Amino acid sequence: MTLYYILDRVVYQAPSLLSALKTRLSRCISAMHSGFAQLQADLDPLARTLKASKAPPQGQQQEAAAGTGWWYSRHPP
């Protein structure tokens with residue numbers, strides 16, 4: 001069954017329910033994808049800054065990897 005509607009004295013064929021839902025979901029997904037991409041771009045410098053501030057100095061990284069250093073001397077495995 002085909003449905004039609006009239007707008008400003010022009011007759012249009014109404015889209016099917018499947019077509020309308022596909023279009024709306026596609027637009028919604030596209031908008032969400034754009035929003036998350038923008039959010040990731042905005043937060044990426046913050047993540048790099050936090051990662052750099054949490055990283056121990058170079059000498060401490062080697063001690064932790066070797067299983068030595070002040071933590072291991074106070075808390076043996």
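I'd like the Karplus ³J(HN,Hα) series for the range 4-11: coefficients 6.51, -1.76, 1.60, θ = phi - 60°, whole numbers in Hz, and an x wherever there's a Gly or Pro.
In residue order, the calculated couplings are 10, 9, 10, 9, 6, 6, 10, 8 Hz.
In what sequence, largest accessible area first, do K51, K22 appear using a 1.4 Å probe?
I get K51, K22, largest accessible area first.
Rounded to whole Hz and in sequence order, give me ³J(HN,Hα) for the range 43-48 from the Karplus expression 6.51 cos²θ - 1.76 cosθ + 1.60, θ = phi - 60°, writing x for Gly and Pro.
Residue by residue, the range 43-48 yields 8, 4, x, 5, 4, 5 Hz.
Quick one: plug the Kirkwood hydrodynamic radius of the range 16-55 (C-alpha pairs) into Stokes-Einstein at 20 °C, 1.002 mPa s, and report D in µm²/s.
Answer from the Stokes-Einstein relation: 174 µm²/s.
The values are calculated or read from the model by the stated rules, or taken from the named source; none is laboratory data. Remember, predicted model here, so these are calculated numbers, not experimental data. Ligands, DNA and RNA are excluded from the accessible area calculation, which covers all protein heavy atoms including side chains. Shrake-Rupley method; radii C 1.70, N 1.55, O 1.52, S 1.80 Å.
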